[in-house]
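Read the figures in this text as sums done on the coordinates, not as results from a lab. No experiment lies behind these values; they were computed from the predicted model shown. Please note: Cβ atoms are built from the backbone with ideal geometry, for glycine as well, and neighbour counts cover all protein chains shown.
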């Protein structure tokens with residue numbers, strides 16, 4: 001599907017464009033690498049605030065460690081349209097945290113449940129097919145123009161691999177300082193921001209630059 005460019009305004013340069021956010025705080029029992037939960041939290045809040053301030057819409061799987069942060073930030077903005085589109089697999093129906101349900105109940109977001117694959121269960125390594133179906137449907141239905149990756153485990157890499165094949169995607173941004181699997185993706189971000197994304201930890205400044213870079217990618221002559 002070809003990219004749909006929406007009109008920009010000076011105060012809303014991303015004007016309803018959809019930006020994918022892939023993030024989680026790794027489970028230390030299943031992740032052996034470095035990560036800093038506070039850095040991940042700070043980065044996610046800054047990313048969400050920057051994208052929503054610029055008029056973008058966040059698309060996310062809303063990992064349980066991230067959903068409360070996004071709900072908190074989205075609630076700072078007027079409830080005049082859904083600012084976060086959350087996808088979840090139905091395999092987690094009985095485990096879904098209240099924060100995830102509140103996106104739709106409060107009016108700040110849309111919650112879309114994708115039917116699980118028969119035979120999968122909500123247990124690590126036994127949910128892979130259902131998560132793949134959810135991710136594929138999420139990208140097919142929303143066509144995000146960029147992806148932001150923070151922290152996370154193997155799901156970060158899977159979402160990255162699925163997304164970069166799509167012709168709607170203009171940019172990918174991964175952070176190194178918070179650790180997690182996202183740090184392994186830093187060499188794939190735009191050259192002009194690579195050093196800052198790899199080592200920087202002043203996240204409001206980083207994501208202001210991300211919005212500027214993405215604005216130029218949408219309209220290079222602006």
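Stick to the Cα atoms of segment 134-182, pair each with every other, and give me the Kirkwood hydrodynamic radius in Å at one decimal. Taking every pair of different Cα atoms in segment 134-182, averaging 1/r and inverting gives 11.1 Å. Taking the convex hull of the alpha carbon positions in the chain and averaging its projected area over all directions gives 11.7 nm².
If you sort the three axes of the alpha carbon gyration tensor as a ≥ b ≥ c, you get a/c of 1.5 or more for segment 110-193 and a/b no higher than b/c, which makes it oblate. With viscosity 0.692 mPa s and temperature 37 °C, the Kirkwood radius over alpha carbon pairs of segment 12-144 converts through Stokes-Einstein to a diffusion coefficient of 214 µm²/s. Using helices alone, I'd like the mean residue ellipticity at 222 nm for the chain: each DSSP H run of four-plus residues gives -39500 (n - 2.57), total over residue count, nearest 500. Dividing the helical sum by the residues of the chain leaves -11500 deg cm²/dmol. Share of antiparallel DSSP beta bridges in the chain, in percent to the nearest 5? Antiparallel: roughly 10 percent of the beta bridges in the chain. Full extension of the chain between residue 12 and residue 98 gives 27.9 nm of extra length, using 0.36 nm per residue less the Cα-Cα distance.
For the chain, a Gaussian network of Cα nodes joined below 10 Å ranks 186, 86, 123 by mean-square fluctuation, and the top entry is 123. If you average the C-alpha positions of segment 183-204 and of segment 99-117 separately, how far apart do those two centres end up, in angstrom? Here the two parts' Cα centres lie 31 Å apart. The Cα atoms of segment 148-222 give a gyration tensor whose axes a ≥ b ≥ c have a/c of 1.5 or more with a/b no greater than b/c, which makes the shape oblate. Give me the percent relative contact order of segment 7-66, please, defined on Cα pairs under 8 angstrom at least 6 residues apart. In percent, rounded to a whole number, it is 54.
Rounded to the nearest 0.05, what FRET efficiency do residue 162 and residue 80 have when you use their Cβ-Cβ distance and R0 = 35 Å? For residue 162 and residue 80, the calculated efficiency is 0.65. If you wrap segment 37-109 in the convex hull of its Cα atoms and look at it from every side, the mean projected area works out to 4.7 nm². For the chain, the relative contact order is 23 percent, taking Cα pairs closer than 8 Å that sit 6 or more residues apart in sequence and dividing their mean separation by the residue count.
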